[in-house]
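The structure appears below as structure tokens.
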Amino acid sequence: MFYPLSAFIGLRYAKASKGSHFIAFINFFSVAGIALGLMALITVLSVMNGFEGELKLRNLGITPHVLVQKKPDTDVTPEMFKHIEGVVASGQQIDAEGIVQSSEGLKGVMFQGIQPKVMQHSSIIAENMLVGRLTDLVKGEYGIVIGRALSITLNLRMGEKARLMTSENSYFGPFGRIYSQRVFRVVGIFDMGSALDDKTVLMHIDDAARLLRSKTTKLAQTRLFLADAFDYKSVVQALDAEGYSSTNWRDQQGVLFDAVKMEKNMMSLMLLLIISVAAFNIVSALVMVVTEKQGDIAILLTQGMTRNNIMGIFLFNGIYNGIKGTAIGAAAGVLLVTQINNLVRLFNFPIFLSPEGQGVPTDLQWQQVVFLIVTSLMLCFLASLYPAYRAVRVNPADALKYE
């Protein structure tokens, strides 16, 4: 097979091990360092993506993506916001804070007055019901759906009753402040595996309005379900342009997701530094190759090879090691991500961190893998520039003086 002369000589130098075991040893460990660093970076990023996805799916499955406040003297219909890109469904909802009381104690909660049919078709809560259904919330029957964690905390089971109290619309009576309260019956239990399972109570929107001693039309907001909760900004901008005020999930969960993002970025930076150190091991290896091959360089120059071709030899040498390490690391990283749960089961590591113990959540994003591969190759190219420049500066007369 035909190779350009620079590539042919550079490949021979990169593969040569006889007579220069130390250089071969450094080359091996620079390739191994790049491969291990890239493998670790792909694996860690995929696991972090998986955990972020679980948080997004479970926490934001309970927290409304966007809540739109109604304009004065404007009727709200389910189709009003369907034209906004990213909105897949909408429904009326009442949000308020309160306390749930059972025979076991009290617990502060956020209760949501919902439209059961809308939530049944649009919310992930419906897919995570342990017992009952969201459509079991019937107007006037004062039923509630609670999380499994809350049911354990307050020892509430299906069919049992609990008292809900709220300070909204309370008033002073002969014996002091009288809070709005009513006895509700548990008609469903869900398990989202999120931190909000013990803080959320669902009820029919009309029952929530009665608890708050007001009308549904006065308290209701419009809950928008988005195709991707992280794409809320474009939806909020569209609502602002139409004159609607709104709140979104970042008001409640933004700090948590910012912390996860910062942790992922810091882990990526630290592991990228490992790849950088391994890539710049190529510098020391190539400098020694240049020093050892000064006679060869001088002979090639005297035979008519240009200095650009000489530079190409050592650039190819360094990039070859980078490509080899990057290819091994990318393949090993992808393989490890796809098989990580099998390895956990094989070696019996107790790190089943996702709900129901089904394994470590992973999300391999190919655009990230491509970006890491390109970054790794760029670092290897930059690491090869200085040794190649050193090779170009070789003076044939000085190099062959004692030959």
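Every number in this text was worked out from the coordinates using simple rules, so none of it is lab data. Bear in mind that the values here come from a model prediction, so they are computed numbers and not experimental data. Neighbour counts run over all protein chains shown; Cβ positions are idealised from the backbone, glycine included.
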Quiz item: What full-extension length gain, to one decimal in nm, is calculated for LYS233 and ASN155 as 0.36 nm per residue of separation minus the Cα-Cα distance?
Solution: 24.1 nm
Self-check item: Flagged links, alpha-carbon separation over 21 Å, of LYS117/LYS139; LYS56/LYS215; LYS70/LYS215; LYS107/LYS215; LYS139/LYS161; LYS56/LYS218
Solution: LYS56/LYS215; LYS107/LYS215; LYS56/LYS218
Quiz item: What number, in percent, do you get for the relative contact order of the range 64-248 if the mean sequence gap of Cα pairs under 8 Å and at least 6 apart is divided by its residue count?
Solution: 35
Practice problem: Describe numerically, in nm with one decimal, the distance between label points set 7 Å from Cα along Cα→Cβ at SER214 and at LYS139. | Solution: 1.9
Practice problem: Only Lys, Arg, Asp and Glu count, each charged at its Cβ (+1, +1, -1, -1), so figure out the dipole size of the chain about its Cα centre, rounded to 20 debye. | Solution: 400
Quiz item: Roughly how tilted is helix 5-15, in degrees to the nearest 10 and between 0 and 90, from the longest Cα axis of the chain?
Solution: 80
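Exactly which trypsin sites (Lys or Arg not before Pro) in the range 250-336 are in a DSSP loop and have at most 11 other Cβ atoms within 10 Å?
Those that pass, being in a loop and sparsely packed, number zero.
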Practice problem: For a label point 7 Å from the Cα of PHE347 along Cα→C-beta, name the residues of the range 252-272 whose backbone N is under 17 Å from it. | Solution: none
Quiz item: When the dipole is taken about the Cα centre of the range 64-248, and only Lys, Arg (+1) and Asp, Glu (-1) are charged at their Cβ, what size is it in debye, to the nearest 20?
Solution: 720
Exercise. Round to the nearest 0.05 the FRET efficiency obtained for LEU385 and HIS83 when R0 = 56 Å and r is the Cβ-Cβ distance.
Key: 0.55
Quiz item: With Cβ to Cβ distances under 14 Å as the rule, what net charge do the other residues near VAL47 carry (K, R +1; D, E -1)?
Solution: -3
Quiz item: Based on Cα positions only, what radius of gyration and what Dmax would you give for the chain, in angstroms?
Solution: 32.1, 112
Quiz prompt | Rough spin-label spacing in nm, given labels placed 7 Å along Cα→Cβ, for SER167 and ALA195 | solution = 2.3
Quiz prompt | Those lysines that a straight Cα-Cα span of less than 21 Å connects to LYS324, excepting residues fewer than 8 apart in one chain | solution = LYS15, LYS18
Quiz item: At what distance in nm do the modelled label points of ARG307 and GLU104 sit from each other, each positioned 7 Å from its Cα along Cα→Cβ?
Solution: 8.1
Self-check item: Gyration tensor (alpha-carbon) shape descriptor, the range 64-248, a/c threshold 1.5
Solution: oblate
Quiz prompt | Structure-based [θ]222 nm, the chain - -39500 (n - 2.57) summed over DSSP H runs of at least 4, per residue, nearest 500 | solution = -18000 deg cm²/dmol
Self-check item: the chain, relative contact order in percent, only Cα pairs under 8 angstrom and at least six apart counted
Solution: 28
